[in-house]
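Q: Have a look at the structure that comes next, please.
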């Protein structure tokens, strides 16, 4: 077993020193290069970003919440000296949210996010990257929302601060091998869970040779909850080896080793726990393109398929599992063989007919019992396609299947009989399309446990352009399900869903001013389901770099109505 090694801890102040030194190093390079650079040599900065405002009003009964949110993002990308030497990118996002509650009280939330990326020698054999990300979310709780408010757009107590620093050094050889070393430091400071510090260090290798490839990774990670004193140290080793001497043969070997050491410093839960986990698996695949036999094996499993003819296929599989625990050990062996036949599609006076059959025999043996299972499926389908006119088509099919499953011993034996009927009518005329579809299914199970189920689904839909700029879409679906589980009782579920959507791509003749109205209603004919009514009206307008959206959305579920008014305007640059 590998020896346990704890990762050296760094405090948040040390993390900030890392960042300060890294930023100072970049600034020092710029200052050192400034005397020898002329104004023409100064690198250009590619600026981008956006500013925006969002208004939300959420009303449920007498409870009303109004939110005003201001958002700004500024990003810049440039390079140091030459693009091949170093590339730098930074992004700053700031959000201010003010929420007022009808029951009294308000909150102010400030969220600031900063990101800095440095790519040193990005096109060389030794690229280096640095990433720093910081987030600060603060909620002013001096006039907090009522505790019984249902519409809190800002949740009190969920403010947090995070910072993360990631360093990566890579090396790419001339033969294509890749090596990478990583350091990652992150800190999460929440008013609920306190400070959580996470540090990880890893090394990766990707070795590529003719006919084989090896990918290996070693990672050490340490996570600490400062408030509770909980700490976890982890060592993870992963190695994947792929060997492919020819197109028809491939061998994959996967290795995974995980060691964890948990410690608890709280008096009530003082102690530690160590966990070791090792997984090694190897799989071989033999799949020649010009042979009827294919074989797959690995990790105690061996199976194969033999394509006897176009319609006949044989299969066999076996596996052995060894279970070892403190309570003892046992061996479980599974063997299975089967055959499958699928007929050609036959033409019977304009109808298409096809049948399918499969059968299998399986046995399972262990120290406790031996069990045999015999089963299969016999099914056939009859279908037809009609073209009654130049504008419409009709499809119909009926199917039947019988599936026995016989088991030895005290296991349940069942015989399942299924019937399915499907028909659909498509109509293309007046610039639009219509669909009418019906699906009927009946399933019955005989044997030690009797049950049955009937399913009926009816659907009507229409898509109709009203003009070059307007369209109307409608859908109506009705469905019923009946179930009978014998002594366990019966159930019946009936649902109705209707939807109507109207779109206009140029309202009042104004280009890029789009309107959407979406109306939906659903009913459930039982005591469990709730009726739901929803209506959304939305206006979208884009001109240049300015995007605007105004919407009103109404929900009514179980007799309780909720209204949401939403307005957003964003300017990009």
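Q: Name every residue in the stretch 80-136 that is in contact with a helix residue (DSSP H, G or I) (Cβ under 9 Å, 6 or more places away or on another chain) and part of a strand (DSSP E or B), in order of residue number.
A: Matches in the stretch 80-136: 80, 86, 88, 116, 118, 130, 132, 134.
Q: Can you name the number of the only condition in (1) at pLDDT below 90; (2) closer than 21 Å to residue 253 by Cα that residue 294 fails?
A: (1)
Q: Further question on the same structure: Among the residues of the stretch 275-285, are any surrounded by 15 or more Cβ atoms within 10 Å (Cβ to Cβ), in a strand (DSSP E or B) and either without any contact (Cβ under 8 Å) to a residue 40 or more places away in the chain or in contact with a helix residue (DSSP H, G or I) (Cβ under 9 Å, 6 or more places away or on another chain) (or both)?
A: yes
Q: Give the number of residues within the stretch 242-262 that are surrounded by fewer than 16 Cβ atoms within 10 Å (Cβ to Cβ) and closer than 30 Å to residue 231 by Cβ.
A: Going through the stretch 242-262 one residue at a time, the tally reaches 4.
Q: Could you go through the stretch 328-343 and let me know if any residue there is free of Cβ contacts under 8 Å to residues at least 12 places away in the same chain and either within 35 Å of the chain's Cα centre (by Cα) or not in a strand (DSSP E or B) (or both).
A: No.
Q: Checking the structure you have, find out if any residue of the stretch 483-496 is exposed (fewer than 14 other Cβ atoms within 10 Å of the Cβ), in a strand (DSSP E or B) and within 35 Å of the chain's Cα centre (by Cα).
A: yes
Q: Follow-up. Just wondering, is there one or more residues in the stretch 359-381 that are over 30 Å from residue 447 (Cβ atoms) and not in a loop (DSSP other than H, G, I, E, B)?
A: no
Q: Residues that are touching a helix residue (DSSP H, G or I) at 6+ places or on another chain (Cβ under 6 Å) and assigned to a strand (DSSP E or B): does the stretch 163-171 have at least one?
A: Yes.
Q: Another question, then. Looking at the stretch 517-535, which of the residues that are in contact with a strand residue (DSSP E or B) (Cβ under 7 Å, 6 or more places away or on another chain) and farther than 22 Å from residue 563 by Cα is modelled with the highest pLDDT?
A: Selected residue: 524.
Q: If you don't mind, another one. Can you tell me how many residues within the stretch 329-353 are over 17 Å from residue 309 (Cα atoms) and surrounded by 12 or more Cβ atoms within 10 Å (Cβ to Cβ)?
A: Qualifying residue count, the stretch 329-353: 11.
Q: Now for a different question. Let me confirm something: among 213, 227, 209, 180, which residue is closer than 24 Å to residue 132 by Cβ and out of contact with any helix residue (DSSP H, G or I) (no Cβ under 6 Å at 6 or more places or on another chain)?
A: When all the criteria are applied, what remains is 180.
Q: When you scan the stretch 472-481, do you find a residue that is modelled with pLDDT under 95 and exposed (fewer than 15 other Cβ atoms within 10 Å of the Cβ), even just one?
A: Looking for residues that are modelled with pLDDT under 95 and exposed (fewer than 15 other Cβ atoms within 10 Å of the Cβ), one finds none in the stretch 472-481, hence no.
Q: Right, residue 464: in contact with a strand residue (DSSP E or B) (Cβ under 6 Å, 6 or more places away or on another chain) and surrounded by 15 or more Cβ atoms within 10 Å (Cβ to Cβ) or not? Steps first, answer last, please.
A: On the way: in contact with a strand residue (DSSP E or B) (Cβ under 6 Å, 6 or more places away or on another chain): yes; surrounded by 15 or more Cβ atoms within 10 Å (Cβ to Cβ): no.
For residue 464, the condition - in contact with a strand residue (DSSP E or B) (Cβ under 6 Å, 6 or more places away or on another chain) and surrounded by 15 or more Cβ atoms within 10 Å (Cβ to Cβ) - is not met.
Q: Residue 467 fails exactly one of the following numbered conditions: (1) without any contact (Cβ under 8 Å) to a residue 12 or more places away in the chain; (2) part of a strand (DSSP E or B). What is the number of that condition?
A: It fails just one condition, (2).
Q: Ok, one more. May I ask you to say which residue of 538, 514, 571 is over 21 Å from residue 466 (Cα atoms), assigned to a strand (DSSP E or B), modelled with pLDDT of 95 or more and in contact with a strand residue (DSSP E or B) (Cβ under 7 Å, 6 or more places away or on another chain)?
A: 571
Q: Considering (1) surrounded by 12 or more Cβ atoms within 10 Å (Cβ to Cβ); (2) at pLDDT below 80; (3) under 30 Å from residue 565 (Cβ atoms), say which one residue 33 fails and leave the rest.
A: Looking at each condition in turn, residue 33 falls short on (3).
The values are calculated or read from the model by the stated rules, or taken from the named source; none is laboratory data. Since the model is a prediction, treat every value here as computed from it, not as a measurement. All Cβ positions, even for glycine, are placed from backbone atoms using ideal geometry, and neighbour counts span all protein chains on display.
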